[in-house]
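Take a look at the structure set out below.
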Amino acid sequence: MGVEFQLKQQAKMFSQNVYLPAVYDLHRCCRVEQNLIVFADAHHDGRPEAMELLYRRLKQSRVQPAYHIAEMYLDFGRASKAEVMEYSTRFMKLYVRASVVVVCDNFLPVASCRKKRETMVVQLWHACGCYKKFGYDAKDDIPEGYHGDVYRNLSLVTVSAEAAVEPFSSAMHRTHGEVQALGVSRTDLYFSRKWRYRCMEAFRELYPDVYEETGAGDGREEGAGDGSDAGAGSGRQAGAGSVRETGTGSAKGSGSLRKRRKVVLWAPTFRGNAGQPGLLDLDTEKLQRQLGKEYLVLTRVHPHMKEARKAVKNHCPIPTEQLYPVVDVLIADYSSLIYEYLLAAQIQNQQDPHGSLGLHGSVGLHGGLVLYTPDLDTYMAQRGTYMDIHEIPGEIVKDADRLADAVRRAAGEDSPGLRTGESKADDGGQAAGWIADQAKKRNAFLKRYLAACDGQATARIAEKIRVHCFGGDGGTSGATDV
């Protein structure tokens, strides 16, 4: 660890163990306000996507008295020390009065004191499943010598399935009662057709040669689930491509759009510590040449790698979750985004079966996955995973020279069981068998790791908050869809 990193750790420990507890205790005499809910985050300057649906549901809730919602967001990585200190001080003054605090990532101010029992801290987290080890199970995440409980005071941690309860409990040093499989709020959005079509339109504005209109269908169906009309995010985060800013017109459906090129997204996670993240190298320009003009290769690096993205070729400015409806093949490694990607693809295949028409009308299964892991042995030795990587319904590739062929297979060009040069459209029986086999593997994976992500996660979390604030007779937490 470098000197600068060590100094940051010392500053964090002083803030968490000395200064912030003193601020909280100084204002401990303030009473807890029954209806005060604070949304807070230290990784964004605006409302994170992971909080969006819950915020909207609570904002439109019909409980009495109405919720008073306060929002506090600041990207600590970009802010000055003075800004961080001023922000943290203001948060502690709200924290001492809050009935509920909602976070979605590591947030040291909330863990810095002995909070009041009347205050509930909800950790939405920002990832599904239980893939790579993190928190106290990964030495890179919380360095030796760090004094302070990063996950202290968490009352409720929401996870995607029962299979994730034990890993999260271990990583965060929480009890099983505090970690509950209520589902991941933001995955409700993937059940919305309207959101999906808007994502496609936003993508077309930046990459107009990928889709062409066929003139059939208008895609104006109402969506399903809690995020049916929720849009694709608050539009508050930096970066182009938010459907709040683009593509808010008629929302063309998959019946009116035809793919001219297949979209391949490389989305690697960071290596090492989040404070000093490293990036796996991949020559995406070479991959583009190998795949040819029928493909478009794009990159989305982990949010922690703000500086690294400047040097990455073909970096896409659209938020990752808004790319799921348009991506044909995801190249990932140890990132938890594989869960959301596969879930979104499954929903899309079920809701828009005709939308799985690929190039030239050949039948395919939307949502191909390739795991590019040239450092697999090293990564397993240094960090490790909670699950067997071979459970994941995607081909594992360690050699970059074999990546293009794996991508083609994931896109359905050269699937097992088909004769060389034979398209799936030419042999419906074999194609149907191959698709059914792939769907079976995916279904088993999603059933185990995302069973609670059923489009109603936000409603369940909102109900937990309502009961905490008002008890069993506090009214309804139901909301009118946005």
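How large is the accessible surface of residue 281 in square angstrom, using a 1.4 angstrom probe and rounding to the nearest 10? Here the accessible area works out near 130 Å². When the accessible area of region 7-119 is computed with all protein chains present and a 1.4 Å probe, what percentage of it is carbon and sulfur? Carbon and sulfur together cover 54 percent of it. Taking amide H atoms as placed 1.01 Å from N in the peptide plane, the amide H of residue 263 lies under 5 Å from those of 296, 328, 329, each 5 or more residues away in sequence or on another chain. Exposure check, 1.4 Å probe, all protein chains in place: residue 285 carries approximately 90 Å² of accessible surface. Note on residue 396: accessible area is roughly 50 Å² with a 1.4 Å probe, heavy atoms of protein only. Shown are 85, 200, whose ranking by accessible area with a 1.4 Å probe and every protein chain present, most to least, is 85, 200.
Could you calculate the contour length gain from residue 176 to residue 391, that is, 0.36 nm times the residue separation minus the distance between their Cα atoms, to one decimal place in nm? Numbers along the way, then the final one.
Values: separation 215, 0.36 × 215 = 77.40 nm, distance 2.42 nm.
Using 0.36 nm per residue and subtracting the Cα-Cα distance, I get 75.0 nm.
Across region 156-162, coupling constants 3J(HN,Hα) worked out from phi with the 6.51/-1.76/1.60 Karplus curve, θ = phi - 60°, read 8, 10, 8, 10, 7, 6, 4 Hz, and Gly and Pro carry x. Its Cα centre serving as origin, region 70-191 has a Cβ charge dipole (Lys and Arg +1, Asp and Glu -1) of approximately 440 debye.
Based on alpha carbons, the Rg and Dmax found for region 99-217 are 19.3, 62 Å.
For an R0 of 22 angstrom, estimate the FRET efficiency from the Cβ-Cβ distance between residue 409 and residue 289 and round to the nearest 0.05. Intermediate values should be presented prior to the final figure.
On the way: r = 18 Å, r/R0 = 0.84.
Efficiency for this residue pair is about 0.75.
Using the Cβ of residue 260 as centre and a radius below 14 Å, the other residues enclosed give a net charge of +1, where K and R count +1 and D and E count -1.
May I ask you to rank 260, 198, 117, 409 by accessible area, largest first, using a 1.4 Å probe over the protein chains only?
117, 260, 409, 198
Backbone amide hydrogens, once placed in the peptide plane, bring residue 120 within less than 5 Å of 100, 101, excluding anything fewer than 5 places away on its chain. In this structure, the amide hydrogen of residue 179, modeled 1.01 Å from its nitrogen in the peptide plane, lies closer than 5 angstrom to those of 157, counting only residues at least 5 positions away or on a different chain.
The values are calculated or read from the model by the stated rules, or taken from the named source; none is laboratory data. Note that the structure is a prediction, hence the values are computed from the model and not measured. As a convention, Cβ positions derive from the backbone with ideal geometry for all residues, glycine included, and neighbour counts pool all protein chains shown. Side chains are part of the model used for accessible areas, which takes the heavy atoms of the whole protein and leaves out ligands, DNA and RNA. Shrake-Rupley method; radii C 1.70, N 1.55, O 1.52, S 1.80 Å.
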